[in-house]
Amino acid sequence: MDKVNVVKIKKLRWYIISLVMLGTIINYLARSTLGVAAPEMMKTLNLSSEQYSWIVSVFPFTYAIGGIACGFVIDKFGLRISFAVLAALWSLCNMLTALFSTWFPIAALRGGLGLTEAAFNPAGMKVTAEWFPAKERGLACGVYSLGTSVGAMLAPPLVVWAIVNYNWEMSFVVTGAIGVVWAILWAVLYRSPESHPALLKEEHEEVMADQIEVVKEKASLISMIKDKSLWAISLPRFMADPAWGTLHYWMPLYLVTVRHMNMKEIAMFAWLPFLTADLGCLAAGYISKFLNNRGVHIVNAKRITFTFAALLMLSMAGVGFVSNVYVAIALFCIAGFAHQCLSVTVISMSSDLFPRQKVATATGFAAFTGSMGNFLFSIFLGAMVAVVGYDIFFIGLGVFDLIGALFLWMLIKAPSAKVAPAVA
Ligand SMILES: O=C[C@H](O)[C@@H](O)[C@@H](O)[C@H](O)C(=O)O
């Protein structure tokens, strides 16, 4: 793109973050394909439940490692090339699944999918840090995170359409091909603010005025790991992510097996907590911006937002105690809202605590701890649920985030002038 003769676009940052949101939708669409296609695949490929469980459980494991690996790659090679290549790779892993009929290569590709899909949060936060002033970063993170629920909600109709009209293979080809198109779009359209020809000078200055000091040294996880701030944003994610995994992978099963809902009712109600989750994404940004505009330091504004949502998360603890199933769903909806509100808030804090050269690495490490929390909780729940039931796990999920809030308040130094508040 030539710098001369290019039309300037007002508020360009919001178009850029919308492009990231599209990438997030495609990311969640790809990872959700397997779950929807599973019944058909198991039938036609003659897969046993054990083989299927291998295919499923490799993802959270490689995804956790991918958080660290992708964060490092993105900080080292920059957003444009890294995010495009990683999106192309995850799309390829997804599409290639269609070529195989035995569990092992399918599991290996699922592992590749986890490794590369972990790119979306580190990349999204690096875009946020490069393009947005501090007071808007919570909202920017909320906007691209909207894609998580949208992607998960789009998967069932699209995958079922492909299977009904073609076969299970086609569902992977379609969701993968959309990803390849997005990767090309990203490589063509993305530029850093410094070299984007359509960015207005005033908009760039507004963002630059709000950057944490620019440091010369490159991101190094070894040196960053000694920084308490890294743990302050990572430990709350360890406590928070199990709720996200539970809503995605256990809630529908709970509603069927314990609450005796049929598939039609599941189709009617089980997506509602993801709709409220999207509202939580937006609320995260608006609440912290509201407080920041009234003079509260951005770090404190986000800690207050997190704590408020952690209190709402107590609704999850009540699920097992209510007899009416619709009240239980309403509680899941509040929990979906609360989770995304606090999760987006803490994810976006990497850009308030680390300079932009280190944001992807910090976000990736926090994503790693989040995925490990999710992975361990899910294994524990899976092993124990038949013996102790769900209720105790719901109680745990209701209070975990209050512990996360404690970490946030205790591990970050009182905000100093260096991490200056964003003045409206
Ligand atoms: O939207 C985001 C969720 O709150 C958060 O839990 C996810 O980002 C998850 O860690 C993931 O990487 O998919």
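The values are calculated or read from the model by the stated rules, or taken from the named source; none is laboratory data. In this text the structure is predicted, and so the values were computed from the model without any measurement. Because the Cβ atoms are built from the backbone with ideal geometry, glycine has one as well, and the counts that use them run over all protein chains shown. Accessible surface areas use protein heavy atoms only, side chains included; no ligands, DNA or RNA. Shrake-Rupley method; radii C 1.70, N 1.55, O 1.52, S 1.80 Å.
The table for this structure:
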| quantity | calculated |
| --- | --- |
| Of all residues in the stretch 334-354 being within 16 Å of the ligand (Cβ to nearest atom) and open to solvent by 20 Å² or more (accessible area, probe 1.4 Å), the one that is farthest from LEU146 (Cα to Cα) | ILE334 |
| Residues being closer than 22 Å to LEU47 by Cα and under 22 Å from the mean Cα position of the chain (by Cα) - total across the stretch 156-174 | 3 |
| Subset of the stretch 112-132 [open to solvent by less than 10 Å² (accessible area, probe 1.4 Å) and of a type in the set (S, T, N, Q)] | THR128 |
| Flag for LEU185 being modelled with pLDDT of 95 or more, more than 16 Å from the ligand (Cβ to nearest atom) and open to solvent by less than 80 Å² (accessible area, probe 1.4 Å) | yes |
| Residue check, LYS10 within 30 Å of GLU202 (Cα to Cα) and open to solvent by 20 Å² or more (accessible area, probe 1.4 Å) | yes |
| Set TYR190, TYR144: member being surrounded by 17 or more Cβ atoms within 10 Å (Cβ to Cβ) and in contact with a Lys or Arg (Cβ under 8 Å, 6 or more places away or on another chain) | TYR190 |
| Residue match in the stretch 28-37 (condition: more than 16 Å from the ligand (Cβ to nearest atom), out of contact with any strand residue (DSSP E or B) (no Cβ under 8 Å at 6 or more places or on another chain), polar (S, T, N, Q) and closer than 17 Å to LEU109 by Cβ) | no |
| Filter result for GLU265 (open to solvent by 70 Å² or more (accessible area, probe 1.4 Å), more than 26 Å from the chain's Cα centre (by Cα) and more than 17 Å from SER149 (Cα to Cα)) | no |
| Selected residue [open to solvent by less than 10 Å² (accessible area, probe 1.4 Å) and more than 12 Å from the ligand (Cβ to nearest atom)] from LEU397, LEU311, LEU376 | LEU397 |
| Where a residue in the stretch 182-195 is free of Cβ contacts under 8 Å to residues at least 40 places away in the same chain and its partner, wherever it lies, is in a helix (DSSP H, G or I), with Cβ under 8 Å and at least six apart | GLU194/HIS204 |
| TRP54 under 22 Å from ASN374 (Cβ atoms), among the aromatic types (Phe, Trp, Tyr) and within 15 Å of the ligand (Cβ to nearest atom) | no |
| Those residues of the stretch 155-171 which are touching a helix residue (DSSP H, G or I) at 6+ places or on another chain (Cβ under 6 Å) and more than 15 Å from the ligand (Cβ to nearest atom), in sequence order | PRO156, VAL159, ALA162, ILE163, TRP168, GLU169, MET170, SER171 |
| Residue satisfying all of: in the stretch 247-262; more than 16 Å from SER149 (Cβ to Cβ) and open to solvent by less than 40 Å² (accessible area, probe 1.4 Å); nearest to the ligand (Cβ to nearest atom) among these | TYR254 |
| Qualifying position, being open to solvent by less than 30 Å² (accessible area, probe 1.4 Å), at pLDDT below 95 and within 20 Å of LYS11 (Cα to Cα), among VAL207, VAL159 | VAL207 |
| Qualifying residue in the stretch 35-57 (condition: buried (at least 22 other Cβ atoms within 10 Å of the Cβ), in a helix (DSSP H, G or I) and not aliphatic (A, V, I, L, M)) | no |
| Residue check for TRP244: at pLDDT 95 or above, within 16 Å of the ligand (Cβ to nearest atom) and either part of a helix (DSSP H, G or I) or touching a helix residue (DSSP H, G or I) at 6+ places or on another chain (Cβ under 7 Å) (or both) | yes |
| Helices (runs of 4 or more DSSP H) enclosed by the stretch 292-365 - at least 1 residues per element that are aliphatic (A, V, I, L, M) and over 30 Å from MET208 (Cα atoms) | 298-312, 325-348 |
| Lone unmet requirement of (1) within 16 Å of the ligand (Cβ to nearest atom); (2) more than 30 Å from TRP231 (Cα to Cα) for GLY285 | (2) |
| Test set (1) away from the ligand (no atom under 16 Å from the Cβ); (2) under 29 Å from ASN293 (Cβ atoms); (3) crowded, with 24+ Cβ neighbours inside 10 Å - LYS135 fails condition number | (3) |
